[in-house]
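Notes follow the structure.
Throughout, read-outs are computed from the coordinates displayed, never taken from laboratory work. Owing to the predicted nature of the structure, the values given are computational and were not obtained by experimental measurement. As a convention, Cβ positions derive from the backbone with ideal geometry for all residues, glycine included, and neighbour counts pool all protein chains shown.
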Amino acid sequence: MVVTIENNGASLKITEDGSTRYVLKYQIREVEIVRDTIIKIDIGQGALNNIYVDQLDVTVPASASVVILRDLIMGMLQTNVTGSATEAKQTEEIAAIANLQTAVSALQTKINSIEDKTPFQPSLVDESNGNVVYNGFAVPGAAVGSAVWAIQKVSKSNGVYSYKWAGGTKTFDKIWNNRTSLVYS
């Protein structure tokens with residue numbers, strides 16, 4: 001018989017001849033030597049539910065004696081006290097959560113501000129010049145004299161189309177009435 005006992009975080013992973021059993025650490029009441037090489041892991045559910053392992057069959061962790069194996073198992077049950085909660089750590093975590101909430105709120109505000117301003121079709125199209133078309137993007141009902149437009153200039157030269165944006169950006173801060181005098185890139 002081959003037995004391995006591994007520390008699996010909140011549980012011990014005990015494998016006997018390919019059959020694995022997970023025992024939650026908080027269930028373990030006692031680890032004791034009951035005979036020459038036999039260790040009993042008492043899980044508090046009565047004698048028939050205790051786990052018995054023979055130190056001679058345990059390959060992981062390897063140990064020279066039953067006492068050493070018992071101590072290794074007990075070591076696996078110890079909690080990591082360096083990671084324990086403190087008031088300072090809680091304050092730090094609360095501050096981190098507050099920063100995340102602020103960032104999420106800022107993102108939500110940005111999403112809401114552009115959500116209705118990204119139509120797939122322009123709100124206004126000026127085709128009055130044969131080689132240039134101006135496409136104006138804004139929320140429905142936007143005033144043509146207000147700085148709430150993203151304006152695209154589409155021009156054709158020798159069969160090549162060029163797509164440029166007023167001010168070089170798609171931001172909604174241009175005035176539609178000024179479309180012919182704006183700088184496009």
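Here are the numbers for this structure:
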| item | result |
| --- | --- |
| Computed lengthening from Glu6 to Gln27, 0.36 nm per intervening residue step minus Cα-Cα distance | 6.0 nm |
| Helix 66-77 vs. the chain, principal-axis angle (Cα, 0 to 90°, nearest 10) | 30 degrees |
| Rough spin-label spacing in nm, given labels placed 7 Å along Cα→Cβ, for Val139 and Val154 | 2.6 nm |
| Neighbour-count order for Ile5, Ile14, Ile94, Ile43, fewest beta carbons within 10 angstrom listed first | Ile94, Ile43, Ile14, Ile5 |
| In sequence order, calculated HN-Hα J values of the range 10-21 (Karplus, 6.51, -1.76, 1.60; Hz; x Gly/Pro) | 7, 9, 9, 9, 10, 10, 10, 6, x, 9, 9, 9 |
| Dipole magnitude of the chain, debye to nearest 20 (Cβ charges: Lys/Arg +1, Asp/Glu -1, about Cα centre) | 1220 debye |
| Helix 87-115 axis, angle to the chain major axis (alpha carbon atoms, nearest 10°) | 30 degrees |
| Exposure proxy ranking, count of Cβ atoms within 10 Å, fewest first, for Met1, Met74 | Met1, Met74 |
| Ranked Trp149, Trp165, criterion: other C-beta atoms within 10 Å, fewest first | Trp165, Trp149 |
| Per-selection Kirkwood Rh - the range 5-109 (Cα, Å, 1 d.p.) | 16.6 Å |
| Lysine pair count for the chain [Cα-Cα under 14 Å; pairs on different chains or 8 or more apart] | 8 |
| Amide H within-cut-off set for Asn8, under 5 Å, with H built and near neighbours excluded | Lys13 |
| Equivalent-ellipsoid semi-axes of the range 99-185, from the Cα gyration tensor, Å, largest first | 29, 14, 11 |
| Quotient of Cα Rg and 2.2 N^0.38 Å for the chain, N being how many residues it contains | 2.24 |
| Inter-part distance where the range 159-185 and the range 19-59 are each reduced to a Cα centre, Å | 76 Å |
